[in-house]
Amino acid sequence: MNDTEHTPARGGGRTPGRAANIALWVVQVLMAVFFAFASALPKLIAHESAVDFFAQMGAGTWFMYLIGVLELAGAVALVVPALSGLSGIALVGLMIGAFITQFVYFDGQNAATPVILGVLAAVVAWGRRDRTAALVRGLTGRRR
């Protein structure tokens with residue numbers, strides 16, 4: 001089998017070929033580093049820039065910490081094989097919220113960032129859909 005072929009996964013899904021798997025891992029690791037250090041960390045240590053950002057929205061520091069925890073959880077889950085697809089889905093949702101926030105409160109000033117990250121998270125979610133399906137099957141007790 002070559003790198004462009006897909007092999008059927010249990011339950012009729014498809015798993016990525018070797019090259020796609022490597023590419024997904026590179027994307028996942030880079031996103032995890034970004035979300036952990038560039039996005040979550042400033043919120044969790046209450047860096048002045050993060051505090052100011054949330055203050056401009058009228059949101060309390062509790063919301064800043066909540067978003068920081070969600071971003072950090074997403075970053076960690078991106079590098080846990082069984083959770084990577086689910087993390088991609090969750091981060092898409094978070095980036096939709098970030099995109100809307102950029103337009104509502106900041107006139108779309110930095111709206112490209114959540115779009116790019118959201119697209120990358122969607123690619124991870126799609127590429128790891130077999131793992132997400134296996135996770136759901138495991139949690140629901142279904143074998144198929």
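The values are calculated or read from the model by the stated rules, or taken from the named source; none is laboratory data. As the structure is a computational prediction, the values presented were derived from the model and not from experiment. Every residue, glycine among them, receives a Cβ derived from its backbone with ideal geometry; neighbour counts consider all protein chains shown.
With respect to Trp126, determine if the residue is within 13 Å of the chain's Cα centre (by Cα), aromatic (Phe, Trp, Tyr), modelled with pLDDT of 95 or more and surrounded by fewer than 18 Cβ atoms within 10 Å (Cβ to Cβ). Steps first, please.
Details: within 13 Å of the chain's Cα centre (by Cα): yes; aromatic (Phe, Trp, Tyr): yes; modelled with pLDDT of 95 or more: yes; surrounded by fewer than 18 Cβ atoms within 10 Å (Cβ to Cβ): yes.
So Trp126 fits the description; yes.
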Practice task
Starting from region 38-53, take each residue that is exposed (fewer than 13 other Cβ atoms within 10 Å of the Cβ) and list its partners that are part of a helix (DSSP H, G or I), counting only C-beta distances under 7 angstrom and pairs at least six apart or across chains.
Solution key: Ser49/Pro42
Exercise for the section: Of the conditions (1) surrounded by fewer than 18 Cβ atoms within 10 Å (Cβ to Cβ); (2) small (Gly, Ala, Ser); (3) not in a loop (DSSP other than H, G, I, E, B), Ala133 clears all except one; give me its number. Expected result: (1)
Handout entry: Output for region 95-115, where each listed residue is closer than 24 Å to Ala20 by Cβ and under 11 Å from the mean Cα position of the chain (by Cα)
Key = Met95
Practice task
Test each condition in (1) at pLDDT 95 or above; (2) under 30 Å from Leu139 (Cβ atoms); (3) of a type in the set (Val, Ile, Thr) for Val115 and report the one that comes out false.
Solution key: (2)
Exercise for the section: Out of Ala122, Ala40, Ala36, report the one residue that is in contact with a helix residue (DSSP H, G or I) (Cβ under 7 Å, 6 or more places away or on another chain), assigned to a helix (DSSP H, G or I) and under 30 Å from Arg143 (Cβ atoms). Expected result: Ala122
Practice task
Tell me which of these Ala59 doesn't satisfy, since it passes every other one: (1) surrounded by fewer than 14 Cβ atoms within 10 Å (Cβ to Cβ); (2) not in a helix (DSSP H, G or I).
Solution key: (1)
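Give the residues of region 107-119 that are in a loop (DSSP other than H, G, I, E, B) and either among the polar types (S, T, N, Q) or touching a residue at least 60 places away in the same chain (Cβ under 8 Å) (or both), sorted by residue number. Working first, answer last.
At the first step, the residues of region 107-119 found to be in a loop (DSSP other than H, G, I, E, B) are 107-111.
Hits for region 107-119 are Gln109, Asn110.
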Practice task
Answer yes if at least one residue in region 65-80 is part of a helix (DSSP H, G or I), among the β-branched types (Val, Ile, Thr) and surrounded by 16 or more Cβ atoms within 10 Å (Cβ to Cβ), and no otherwise.
Solution key: yes
